[in-house]
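Since the structure comes first, as structure tokens, the remarks are kept for the end.
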Amino acid sequence: MDNHALQALIDALTSLYPPDRLLSKAGELAPYESDALTAYRVRPAVVVIPETQDEVIQTVKLCHAHKVPFVARGSGTSLSGGSLPVKDGIVIALNRLNHILKLDPRERIAVVEAGTINLDITKAAAPYDLYYAPDPSSQQICTIGGNVAFNSGGAHCLKYGMTSNHILGLKVVLPDGQVVRLGGESTEAVGPDLVGLFVGSEGLFGIVLEITVRLLPRPEKYHTLLAAYSTLEAAGEAVSRVVASGLLPGALEIMDRLAIQAAEAAVHPNYPKGAQAILIVELEGEPEEVSEETQRLEQVIRESGAYEVRVAQDASDRQRIWKGRKSAFSAVGRLSPDYIVQDGVVPRSRLSEALAEIKRLGEQYGLRVANVFHAGDGNLHPLILYDGREAGALERAEKLAGEILDLCIRFGGSITGEHGVAVEKRDYLPRMYSETDLDVMWRLRCAIDPEQIANPGKMFPPGTGGNGVVSPVAHSTNLHPLDQAGIISRE
Amino acid sequence: MIHIESIEDVQRAMRACAHVLPRGGGSKPALSVPPPDVEELDLSNLKGVVEYNPGEYTFTARAGTRIDEVQALLAGHGQYLPFDPPLAEHGATLGGTLAAGLSGPGRYRYGGVRDFILGVRLVDGTGQLVRGGGKVVKNAAGFDIPKLMVGSLGRFGVLVELTFKVFPQADAFTTVRQPCAKLESAVAALERVYLARLDVDSLDLMPGEGGSATVWVRLAGMPGVLHARAERVRALLGGGDVLDGTDDFLAWREAREFTWVPPGWTLVKVPLTPGRIAGLEAILDPLQAQRRYSGGGNVAWVALPDTVPAQRLDGILLPAGLAGLILFGPAGKVRIGARENEVFERRVKAVFDPAGRLPDLA
């Protein structure tokens, strides 16, 4: 990095931002050094906090002029290190761009700024009996801009799809400062689906300023059922039975014993005692339809060998069931000082096989693994527990995480269902795609961002395109490759 | 015309020809008739389902596979294509449907073709075989190349294999049809259904003679409660006839297969929102066009008599900020009306087709 360029950029930013919105002191930068992939930390040169779209555009133009990398950040909830800063780069914190610019119930759309909190859209739409469907577990704090960048999922993807399926239009500042609009307000379109390409591009194509989302009518009735099983396999088998029954539940979720214990310790959802696994199934829709479907579901669950079945009697009951599930990631912190949240996909019909293999791997590595997953999608979230104070424990946990990803690829699945590749999985992308596939993706990146200043170091393995991302500086035996490359430093 | 039998054939043709245009079933003639000096690649023999596991809700097939063959296979396992692909009876293929970005009236319930494509293999403009996406229902790894191909009209590559997500088919269907004397009252009825807390399968509106219009609402689900649900719809519409069985089937076949479009007419897809139906009706008035609004008013299908050139529609759509895609009619400029800023699209095009072997973006 050219220090003169960086200093010139900082000088220019000083005239764009008042001092309280341009952070450069170590203490001010600390909260931005990491996101939810907490094992990684990088100190950026400065953090700017724009309050208008124009400030974002001007900032990107300045970064482009001075060839200084930038990372856009929302609430920093990325589990793949998507908003990990770049050393000697800047962070553009978008939280204050949180205005709902338009909410048109008649057209069932909302136009929101990138820093808008996911759940705030649903809150704003609630008076019209509408809602924004994608519900990542972090929806109370994560921003829609981050959801767009990483095509976030949630518990209702099988029926409703991911973030991408709910985004109609985008206003984007490209890495060279040009502003373009993609898509529109209709669910239908003419021409290539550029919105579809942009969603999930992990910040490599620029920064989203405005997002047009579609809103759905709020289901009138929910039927939330919780079934307890004495083996994890039986719960997995129950999922196959539900799928084969022709029902299309809004959600099909499984938690294993360790995840249940963690949830109990943290938020006391009062799940059935002694369960090795619980299955949460949710039907929703018109009351007449739901009550018919409920009969079919209850028969399927009865035949699946559940030893206890509970049905949420009211909204607070339903919330309690979901609270245990949605807090499972953070709850695992009660059981272990450190843990890795993994995210992989296997074909649904191979779920039981995959879980048995993960169990075997956990035993082999001497590490506890809690499993929480979107069973309807085959989307696994193994939580690998370790103690970071123990020498070599993190490396062992990361190695186990890597073996689980290899398993997902071997089974014909994916290395990520909803968290994205970013920093965490960039070394695994070449195992899923051929050299040609990756080359096309890399050339797309370079065509949109020739200077490679938009969120560099994410998605592609270091050294992709021979761009010299890697510059080894350390030879310590115990350092992570990213540490060795001087890209990150860790606690 | 080059008859394609294998993926390698596509690669060879791409490397040998200066300009190519892929063609599937030819059900959308405006998109598949090549201009002079452009070699047509007939993909109708690059067909067959490669993988189908009903328990996964996914299948993979060659791009030239006919939609109706896939539908028959899925129906045998109680499953269907939720985006309700149009023109299946006219021989539409999976690849052509994705490349044209077309969905039928049933897309209202769960989404369009963009919402069900999971993976693609394509031959780019340099003859390389490229894969994007995956074969599982959820995947966030790498750029979403499959979605980029939706509506791309073969501009970025020739699709050779596709993986889709499917859903279980509902047990039964019923339709409420409500004729309204005035367009305004039909639009108001459509909007009431659009906003209601109902699970509607399809929601269409078709203007008729003398300023009248008819609204169609289709419901799908458990047979035992279908008529009770239809009563709720009738209450919202202020009445309406209930169509079951063959009547229900034929009502939607007409929409899906465009049998309402007179032979020889030009057919144009125009995306919009329900609030813009009245405005489009007003500006279309001088064209003697026939119209059908589908997907809850998110798309207008506009049919023009052969006496009205498509350029006239172009001139009407552009100032209204609406875009159009010509499906039936003379080949040539098929994208009409308003366009997005092309900076992004041009950069993408340069990656997939640096030598310009595939059709230009026009």
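The values are calculated or read from the model by the stated rules, or taken from the named source; none is laboratory data. Computed from a predicted model, the values in this text were never measured in an experiment. Note that we place each Cβ from the backbone using ideal geometry, even for glycine, and neighbour counts take in every protein chain shown.
Given A:482, A:444, which one is modelled with pLDDT of 95 or more, crowded, with 16+ Cβ neighbours inside 10 Å and part of a helix (DSSP H, G or I)? Write out each step before concluding.
On the way: A:482 fails: modelled with pLDDT of 95 or more.
Answer to the check: A:444.
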Point to revise | Residue that is farthest from the other protein chains (Cβ to nearest Cβ), among those in the range A:106-160 that are in a loop (DSSP other than H, G, I, E, B) and among the aliphatic types (A, V, I, L, M) | key: A:141
Practice item. Scan the range A:295-340 residue by residue and report those that are among the hydrophobic types (A, V, I, L, M, F, W, C) and within 14 Å of another protein chain (Cβ to nearest Cβ). Key: A:297, A:300
Review point. If you check residue B:317 against the conditions, is it touching a residue at least 12 places away in the same chain (Cβ under 8 Å), under 22 Å from residue B:183 (Cα atoms), within 13 Å of chain A (Cβ to nearest Cβ) and in a helix (DSSP H, G or I)?
Key: yes
Review point. Considering only residues of the range A:60-101 that are in contact with a strand residue (DSSP E or B) (Cβ under 6 Å, 6 or more places away or on another chain) and hydroxyl-bearing (Ser, Thr, Tyr), which is surrounded by the fewest Cβ atoms within 10 Å (Cβ to Cβ)?
Key: A:75
Review point. Which of (1) surrounded by 20 or more Cβ atoms within 10 Å (Cβ to Cβ); (2) free of Cβ contacts under 8 Å to residues at least 40 places away in the same chain; (3) over 25 Å from residue A:171 (Cα atoms); (4) over 19 Å from the mean Cα position of the chain (by Cα) is the odd one out, the single condition residue B:302 does not satisfy?
Key: (4)
Practice item. Can you work out which of the residues in the range B:176-203 that are among the small types (Gly, Ala, Ser) and within 12 Å of chain A (Cβ to nearest Cβ) is surrounded by the fewest Cβ atoms within 10 Å (Cβ to Cβ)? Key: B:188
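Outside the structural domain of residue B:324 (by TED's automatic domain parsing), at pLDDT 95 or above and either within 30 Å of residue B:355 (Cα to Cα) or surrounded by fewer than 20 Cβ atoms within 10 Å (Cβ to Cβ) (or both): does that describe residue B:70?
Values: outside the structural domain of residue B:324 (by TED's automatic domain parsing): yes; at pLDDT 95 or above: yes; either within 30 Å of residue B:355 (Cα to Cα) or surrounded by fewer than 20 Cβ atoms within 10 Å (Cβ to Cβ) (or both): no.
Considered against the rule, which asks whether it is outside the structural domain of residue B:324 (by TED's automatic domain parsing), at pLDDT 95 or above and either within 30 Å of residue B:355 (Cα to Cα) or surrounded by fewer than 20 Cβ atoms within 10 Å (Cβ to Cβ) (or both), residue B:70 comes out as no.
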Check your understanding: Any chance the range B:81-95 includes a residue that's at the interface with chain A (Cβ under 9 Å from one of its Cβ atoms), on the phi < 0 side of the Ramachandran plot and in a loop (DSSP other than H, G, I, E, B)?
Key -> no
Practice item. Looking only at the range A:222-235, decide whether some residue is surrounded by fewer than 24 Cβ atoms within 10 Å (Cβ to Cβ) and facing chain B (nearest Cβ under 8 Å). Key: no
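Suppose we filter the range A:102-121 for residues that are out of contact with any strand residue (DSSP E or B) (no Cβ under 8 Å at 6 or more places or on another chain), farther than 14 Å from residue A:132 by Cα and among the aliphatic types (A, V, I, L, M); how many remain?
We begin by selecting, within the range A:102-121, every residue out of contact with any strand residue (DSSP E or B) (no Cβ under 8 Å at 6 or more places or on another chain); these are A:106-107, A:119.
Within this subset, residues satisfying the condition of being farther than 14 Å from residue A:132 by Cα are A:106.
So of that shortlist, the ones also among the aliphatic types (A, V, I, L, M) come out as none.
Here the count works out to 0.
Which of the residues that make up the range B:320-362 are at positive phi, more than 9 Å from chain A (Cβ to nearest Cβ) and buried (at least 17 other Cβ atoms within 10 Å of the Cβ)? Steps first, answer last, please.
Of the residues in the range B:320-362, the ones at positive phi are B:321, B:329, B:332, B:337, B:356.
Subsequent filtering for residues that are more than 9 Å from chain A (Cβ to nearest Cβ) retains B:329, B:332, B:356.
Answer for the range B:320-362, where residues must be at positive phi, more than 9 Å from chain A (Cβ to nearest Cβ) and buried (at least 17 other Cβ atoms within 10 Å of the Cβ): just B:329.
Sort out which residues of the range A:209-218 are within 13 Å of another protein chain (Cβ to nearest Cβ) and either touching a helix residue (DSSP H, G or I) at 6+ places or on another chain (Cβ under 6 Å) or crowded, with 22+ Cβ neighbours inside 10 Å (or both), and write them in order of number. Can you show your working first?
Filtering the range A:209-218 down to residues within 13 Å of another protein chain (Cβ to nearest Cβ) leaves A:212, A:214-218.
Those that are within 13 Å of another protein chain (Cβ to nearest Cβ) and either touching a helix residue (DSSP H, G or I) at 6+ places or on another chain (Cβ under 6 Å) or crowded, with 22+ Cβ neighbours inside 10 Å (or both): A:212, A:214, A:215.
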**Study point:** Answer from A:398, A:424 - the residue that is surrounded by 18 or more Cβ atoms within 10 Å (Cβ to Cβ) and either at pLDDT below 95 or in the same structural domain as residue A:138 (by TED's automatic domain parsing) (or both)
**Key:** A:424
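Yes or no, residue by residue, for (1) in contact (Cβ under 8 Å) with a residue 60 or more places away in the chain; (2) more than 21 Å from residue B:54 (Cβ to Cβ); (3) more than 10 Å from every other protein chain (Cβ to nearest Cβ):
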| position | (1), (2), (3) |
| --- | --- |
| B:99 | yes, yes, no |
| B:105 | yes, yes, yes |
| B:110 | no, no, no |
| B:116 | no, no, no |
| B:124 | yes, yes, no |
| B:138 | no, no, no |
| B:145 | no, yes, no |
Exercise for review: Show the residue pairs that are 6+ apart or on different chains and have beta-carbon atoms under 6 Å apart, the first residue being within the range A:438-456 and within 8 Å of another protein chain (Cβ to nearest Cβ) and under 8 Å from residue A:175 (Cβ atoms), the second being at pLDDT 95 or above and surrounded by 23 or more Cβ atoms within 10 Å (Cβ to Cβ).
Suggested key: A:448/A:205
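Just the residues that are among the small types (Gly, Ala, Ser) and within 12 Å of another protein chain (Cβ to nearest Cβ), please, taken from the range B:284-314.
Selection gives B:294, B:295, B:296, B:297, B:300.
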Study note, to complete from the structure: Considering the range A:161-186, residues that are out of contact with any Leu (no Cβ under 6 Å at 6 or more places or on another chain) and of a type in the set (Ser, Thr, Tyr), and then whichever is nearest to the other protein chains (Cβ to nearest Cβ), we arrive at A:164
Check your understanding: Out of the residues in the range B:1-46 that are touching a Gly at 6+ places or on another chain (Cβ under 6 Å) and surrounded by 21 or more Cβ atoms within 10 Å (Cβ to Cβ), which is nearest to residue B:353 (Cα to Cα)?
Key -> B:14
Exercise for review: Within the range A:403-429, track down each residue that is under 13 Å from residue A:357 (Cα atoms) and either free of Cβ contacts under 8 Å to residues at least 24 places away in the same chain or of a type outside the set (A, V, I, L, M) (or both).
Suggested key: A:403, A:406, A:408, A:410, A:411
Point to revise | Residues of the range B:47-67 classified as crowded, with 18+ Cβ neighbours inside 10 Å and aliphatic (A, V, I, L, M), total | key: 3
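Which residues, taken from the range A:379-437, are aliphatic (A, V, I, L, M), part of a helix (DSSP H, G or I) and more than 12 Å from chain B (Cβ to nearest Cβ)?
Restricting attention to the range A:379-437, the residues satisfying the condition of being aliphatic (A, V, I, L, M) are A:380, A:383-385, A:391, A:393-394, A:397, A:400-401, A:404-405, A:407, A:409, A:415, A:421-423, A:429, A:432.
Those left that are additionally part of a helix (DSSP H, G or I): A:393-394, A:397, A:400-401, A:404-405, A:407, A:409, A:429, A:432.
Those that are aliphatic (A, V, I, L, M), part of a helix (DSSP H, G or I) and more than 12 Å from chain B (Cβ to nearest Cβ): A:393, A:394, A:397, A:400, A:401, A:404, A:407.
Which one of B:326, B:336, B:316, B:283 is within 20 Å of residue B:190 (Cβ to Cβ) and outside the structural domain of residue B:188 (by TED's automatic domain parsing)? Can you show your working first?
Details: B:326 fails: within 20 Å of residue B:190 (Cβ to Cβ); B:336 fails: within 20 Å of residue B:190 (Cβ to Cβ); B:316 fails: within 20 Å of residue B:190 (Cβ to Cβ).
It is B:283.
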Exercise for review: Search the range A:33-59 for residues being touching a residue at least 24 places away in the same chain (Cβ under 8 Å) and hydroxyl-bearing (Ser, Thr, Tyr), and hand back the single one that is surrounded by the fewest Cβ atoms within 10 Å (Cβ to Cβ).
Suggested key: A:52
Review point. Checking residue A:196 against (1) surrounded by fewer than 20 Cβ atoms within 10 Å (Cβ to Cβ); (2) at the interface with another protein chain (Cβ under 8 Å from one of its Cβ atoms); (3) touching a residue at least 24 places away in the same chain (Cβ under 8 Å); (4) closer than 18 Å to residue A:144 by Cα, which test does it fail?
Key: (1)
Revision key, fill the gap. Picked from the range B:96-117 (must be surrounded by fewer than 24 Cβ atoms within 10 Å (Cβ to Cβ) and not in a loop (DSSP other than H, G, I, E, B)), the residue nearest to the chain's Cα centre (by Cα) is B:115
